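The values are calculated or read from the model by the stated rules, or taken from the named source; none is laboratory data. In this text, all values refer to a predicted model and were calculated from it rather than measured experimentally. As a convention, Cβ positions derive from the backbone with ideal geometry for all residues, glycine included, and neighbour counts pool all protein chains shown.
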Amino acid sequence: MKQQATQMMWFYEPAQGQWRVSDHASNQLWQGEGAHPWSDNLDPADEAGFARFVDTLQQGDKPGQFIGHLHDESGQAHHFLWRGQYLADQGLCCGWVSPIEVASQPSLPVRLNGERSPLLVQDPLLAQLAQALSAKTGMDFFDTLTHELAEILDADAVWLAELGELQQLRVIASHGATLGHYRLEEMPCRHLYETRRACTRVLEAPLPAHPWLAAGQTYHGHPLCDRHGQILGHLALLFSGSVAIPNLAAVLTIFSVRMVAELERLKSEAQLRLSAVAFETHEGIIITDPDYKILRVNHAFGQITGFDSQAVLGKRLGDLWPSQGGLGYELDNLSRWQGETQRRHARGHGYPQWEIVTPVQDDKGRISHFVICFEDISERKAAERRIQDLAYYDELTGLPNRRQLHETLSQAFSQANRDHLVGALLFIDLDHFKTINDSLGHASGDWLLKEVATRLRRLVRQGDCLARLGGDEFVLLLPALSSSPPQAEMQADLIAERLIGEIAAPYHQGGQVLHIGASVGITLFPGRDQGVDDLLKQADTAMYQAKSAGRKTRRFFDAAMQHQADRRLLIHNELRSALTGGELTLHYQPQHLVAGGELIGVEALIRWQPPGRALVSPAEFIPIAEETDLIVDIGNWVLHEACSQYVSWEESGIHIPQLSVNVSAKQFHAHDFVECIHDVLEKTGMDPACLNLEITESVVLGHAEDTINKMAELKQLGISFAIDDFGAGYSSLSYLKRLPADELKIDRSFIQDIPRDGDNMAIVEAVIAMARHMGFNVTAEGVESRQQLEFLRAQGCHFYQGYLASKPLPVPYLERYVRRVGGRHEVRNTLIPEL
């Protein structure tokens, strides 16, 4: 090897027996004869020592050095220093070789007469620098470089900066200055980036962005370029005052190759680290050659596929994932492909996979590799199915929901029209489900709904659709029953009867037996002027008719039902505005003694008079109000209005012994009912002894203790109670004897057929006798004839009301009625002696 009087970097791989050498111009594999690159020039007497030097390096991890002699072309021997270290993680030795001849100049650069002495390449301190750097790599190399240069060259500051994006410079290492990032135009180095040549300049004034750079300092910048001439960064030196170092650029050029190599090495390592992080992602990665042979896989590959990451290397991708359709993409002609594939797991089961296949081209544009990134999308697909189920199926029972039913119903309706067939839609609502849900809890309610769904599934034919709309409502679609409407109606009726019986069978849960019924509404389709959107509405309307008919039964839809349902909806929508708009009013029906006919009280009865329309019957709007909380607001209004009117009568000299006001079950069981009564009495000035509250037997059902406690609390105020419509509801003698009531009112249904109906006469006679023995007064409602009044007098009934005496009257008419009747007044809330 031709000896050159410059520094040179060397690398030795013991495992391969290969040497590489690098100077400022190249880095190449040494392929000459002999044991090492210096075999031709090394003095024979130094061969043994050099061999021991190399062997010693391989035995440990500490740096070593060797001084030997190299002969130039003229045969003259020169002293050279080999410095190196073994890098175990890379399996190689590396270091520097440099001349160590000393010229006659002093060993340290000194100032003579204010000027720096010239610094020569042969300065032994530069050899010292080479020795210090020989075993350094990475950031250690740059830190050592900046520190040693500052010491050797007596510089105020030394730093090495790397060029980044947007003309930003990142300082890698520095000595004597604290720098991080700065812009190119802020510093004197911008000139060397334009010329790619070293520059030296004396600062004429401080720099605005960096005031620590003072005027009069000398700045020297040395560019660091790669083998393509691309500038990567620069080395900067700052001196106090004006200095002259004739061969400074030559000195730095000696080390520039190593600096560039280390810069590239840092970049390469950073890229490798980023690549390693990217490669070891949660996604699987496969790298193949152009023939699809697997060259490399990452850790996630094994986790996803179940295959051993080492065992698959060298196999073809088609062997790993065999399929009749191939891999699912043509890798040869592909620019980039992505899509869903079905792959085989190592355990044998299939699973869905999302793959992105990217070809890698060499510098000649030919495909050199394929990179396949993939992920197991089983969970994603399961989530999609779950979302699909939630969108179209009921989560509790697994039955189709309203959305799925509507789509299926639309198809069935269109098919029935097209094929001239008749189908049916059954709307199923569980009877008294809320009672079970409230008493036993939602868990038991959910269990019962699932049991009902299971039973109904057993009745479903192929092609039928059983759905749950929500709550306790189910729908059964029976498409294409028959081409004959009567035949289809008969089949639908039989199926409805069967499912009612199936639902009514006992349910056994946790040692207890539950019972529940079902009401079913049925509509046939297609019909004239009937659309698919009408079917659910019609079946729902028929279902409510079934409930009104006593529950546990079925009803078919007809036009009259729809008219009634529309009427109910209209009333419901207008009733709230009627309350606030002053459309409600009270009429009062007189109540008399059976024996003497004296007036003993009036009952307040609500009426609704919409503007410009006929009077709406209470029998029509009160049940609708009771379905919502509006009945509570209406009841409180009636109570306040009636009491205010009664006090007004008293103040006007119109004396009526007692005022009766009806109280609904919802109003009575409102949490603030007692407080409301106190409030009404206080605001109106009503005498509680003159107030009689009428409640029905339904108030007691399920709330016996609450009912008794509230009645007892109000009776302490002097208020009396009557059990209204007695005998028409769920009469319970056990409750009746506990209730602190004063009066029983016999329902008009038992009075109206007297004397023609002997059974009703017997019932009335029995009620009056029972009331007499239990200490209750008795009022008969709906008395319309003299024969009825005579019968009641004979049985010992105390009071009566009805059209025989008077219909309910508006306030002015009632006032005239009271003045006309006049006479003796009786006290009603005391027991009347037996007549």
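Here are the numbers for the structure shown:
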item: Selection within segment 683-698 - in a helix (DSSP H, G or I), without any contact (Cβ under 8 Å) to a residue 40 or more places away in the chain and either closer than 30 Å to His655 by Cβ or not assigned by TED's automatic domain parsing to the domain that holds Glu603 (or both); result: Pro688
item: Segment 652-682 - residue that is farther than 17 Å from Asp724 by Cβ and of a type in the set (A, V, I, L, M, F, W, C) and, of those, farthest from the chain's Cα centre (by Cα); result: Ile654
item: Answer from Leu477, Leu456, Leu481 - the residue that is in contact with a Ser or Thr (Cβ under 7 Å, 6 or more places away or on another chain) and either closer than 23 Å to Arg403 by Cβ or of a type outside the set (Gly, Ala, Ser) (or both); result: Leu477
item: Residue ID - nearest to Met8 (Cα to Cα), chosen from residues in segment 68-116 that are at pLDDT below 65 and among the charged types (D, E, K, R); result: Glu101
item: The listed residue being at pLDDT 95 or above, farther than 17 Å from Arg555 by Cβ and aliphatic (A, V, I, L, M), out of Leu481, Leu466, Leu514, Leu459; result: Leu466
item: Residues of segment 688-709 satisfying the condition of being surrounded by fewer than 21 Cβ atoms within 10 Å (Cβ to Cβ) and within 51 Å of the chain's Cα centre (by Cα); result: Glu697, Ser698, Leu701, Gly702, His703, Ala704, Glu705, Asp706, Ile708, Asn709
item: Meets criteria (modelled with pLDDT under 90 and β-branched (Val, Ile, Thr)) for Ile436; result: yes
item: Residues of segment 374-409 satisfying the condition of being surrounded by fewer than 16 Cβ atoms within 10 Å (Cβ to Cβ) and either in a strand (DSSP E or B) or polar (S, T, N, Q) (or both); result: Ser378, Gln388
item: Per-region count, segment 711-725, residues within 19 Å of Arg748 (Cα to Cα) and touching a residue at least 60 places away in the same chain (Cβ under 8 Å); result: 2
item: Residue satisfying all of: in segment 129-172; assigned to a helix (DSSP H, G or I) and among the β-branched types (Val, Ile, Thr); modelled with the lowest pLDDT among these; result: Ile152
item: Residue satisfying all of: in segment 734-768; free of Cβ contacts under 8 Å to residues at least 12 places away in the same chain, of a type outside the set (D, E, K, R) and exposed (fewer than 14 other Cβ atoms within 10 Å of the Cβ); nearest to Val700 (Cα to Cα) among these; result: Ser734
item: Any hit, segment 535-542, residues being at negative phi, surrounded by 16 or more Cβ atoms within 10 Å (Cβ to Cβ), polar (S, T, N, Q) and modelled with pLDDT under 95; result: yes
item: Elements of type strands (runs of 3 or more DSSP E) contained in segment 438-535, each with 2 or more residues being of a type outside the set (Asp, Glu) and free of Cβ contacts under 8 Å to residues at least 60 places away in the same chain; result: 473-482, 507-509, 512-514
item: Only listed residue being closer than 29 Å to Gly782 by Cβ, touching a His at 6+ places or on another chain (Cβ under 9 Å) and part of a loop (DSSP other than H, G, I, E, B), chosen from Ile624, Ile656; result: Ile656
item: Per-region count, segment 699-730, residues in contact with a strand residue (DSSP E or B) (Cβ under 9 Å, 6 or more places away or on another chain) and either of a type in the set (Ser, Thr, Tyr) or not assigned by TED's automatic domain parsing to the domain that holds Ser660 (or both); result: 2
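Condition check ((1) free of Cβ contacts under 8 Å to residues at least 60 places away in the same chain; (2) within 24 Å of Lys683 (Cα to Cα); (3) aliphatic (A, V, I, L, M)) across all residues:
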{"position": "Gly612", "(1), (2), (3)": "yes, no, no"}
{"position": "Val616", "(1), (2), (3)": "yes, no, yes"}
{"position": "Ile624", "(1), (2), (3)": "yes, no, yes"}
{"position": "Ile631", "(1), (2), (3)": "yes, yes, yes"}
{"position": "Ile634", "(1), (2), (3)": "yes, yes, yes"}
{"position": "Glu651", "(1), (2), (3)": "yes, yes, no"}
{"position": "Ile654", "(1), (2), (3)": "no, yes, yes"}
